[in-house]
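As structure tokens, the structure follows; a few thoughts come after it.
Coordinate-derived values only; no laboratory data. Because the structure is a prediction, the values reported are computed rather than measured. For neighbour counting, all protein chains shown are included, and Cβ atoms are generated from backbone atoms with ideal geometry for every residue, glycine included.
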Amino acid sequence: MHTSDTGLHREPESRFPRLPMNDAAAPPAGRWRTLLLALAPLALSACASLAPDAGVAPVEEAARQQLKAELQAARTPQDHDRIAARVAELLRPPLSADAAVQVALLNNRGLQASLQSLGIAEAELVQASRLPNPRFTLGRLQRGDEREIERSVGFDLGSLVTLPMRRSVQLQRQQGVQRSVTLEMLRLAADTRKAYYTALAAEQTLAYRRDAQSAAEAGAELARRMQKAGNWSALDQAREEGFLAETRLGVLRAELQRTSTRERLARLLGVDDAQALVLPERLPELPAQAEARVGVEQQALQTRLDLQAARAQLEASASSLGLSKVTRLVDGFELALKLNSATAAPRQTGAEISFEIPLFDWGDARVAHAEARYLQDAHRAAQIAVEARSEVREAYQTYRAAHEVARHYRDELLPLARRVSQEQLLRYNGMFIGVFELLADARTQIGVVNASLEALRDFWLAQADLDMALVGRPGTTTLGAAAADADSPRAAAH
């Protein structure tokens, strides 16, 4: 490299303090501190190696703590074989809610794809923790009989200086990826549990709809015979035929709902044959009391993974902003050692330093970009905190209301429907009412049972939403559909 003066402005030497040239010029403590600071990036680079678990360990621990379930990343054919054997064991009938969640964690390919992003983040962290390789340059020049060979070894000093900061930024990003994948895993578990309860409810609903169809068919057949005998009006007979048509339509819709819910559950479980799933005949019983949870808002602020991920992203943006400010003027700073030899001339040795001159780009655009990204992440984190508190309040109130509705059906409406049915049967045996009044009461009772079933299903869905709201964004369970459905059979019966 030529060292002739180019006339460019030189920075004052006061901005670049010189290191002491001999041991006597610096205090012992200062020398050791300087040496440690110089060797710290080298130590970080030497310790950078890929983790055997590819960064999956924190997500596996979250699965054990939050779900009491096992999580395993499938990377090799042996992993796939172990997972397949475990899934086949879990799918043995009847399938429970916990077993369904475990199958989804092991067999859902979407989750497996997300687990691979942990390996990507781990590789990026290791890459950011390593120094760039030295650059070797070899040149050969010839002029007549004279031959000149240039050799140089270059090293990027800028990467050495900024290595700790770059590693810190990437570490924060890796932690954000881990939280995001953990949140996806917990959301998959919540969705699977909700799909499981919905599929069970669809099975029971279909059974009750078929019972209603049997009652309607009996009533319609009796009405046809009595109308043919002249003991029943054409209007009343038409009403019974209309009710039969409605119940058949209800069965068709219930069959479609059963197929749809089974297919959704199969997709979450990652299985091919939805109809091969063997489910229990009934939903779990309603707990005697709704679980009282105190301080759900504060708990959500501490345990919500989406909020933790937003905070981690905010910290990463802050570190990136600091790195942009540090490197805004000098983005590349390289040291090269030279060894030149020429024909009939002594060897040349020396060093060369190269760096960018901030003549056109002063780095202000990169700093502004980093500042805007930091402010964006700050506002996003604040909004997520507001939404988290609101969502957990709504989920808790919905959970308690769903329990109250289901308890009301279980303790009041169903016993009343049974009492009415018993009284109607006594009246029929005493010939005070006819068979059509008895069939109408049976249809009314079936409608109340269907509504009670939907209320019980809504409770289990609301509980899954509440559990999810404490760790991430929940789903929504709407109450009131069961009560509306309960009125239609009663109105049709009258």
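Shape analysis of the range 208-284 places it in the prolate category; the axes a ≥ b ≥ c from the Cα gyration tensor give an a/c of at least 1.5, with a/b above b/c. Sparse packing (at most 15 other Cβ atoms within 10 Å of the Cβ) combined with a DSSP loop state is found for the following GluC sites (Glu not before Pro) in the range 178-286: Glu281, Glu285.
Using the Karplus relation 6.51 cos²θ - 1.76 cosθ + 1.60 with θ = phi - 60°, the per-residue 3J(HN,Hα) values for the range 87-96 come to 5, 4, 5, 6, 7, 5, x, x, 7, 9 Hz, with x marking Gly and Pro. Scaled against 2.2 N^0.38 Å for its residue count N, the alpha carbon radius of gyration of the range 104-183 is 1.90.
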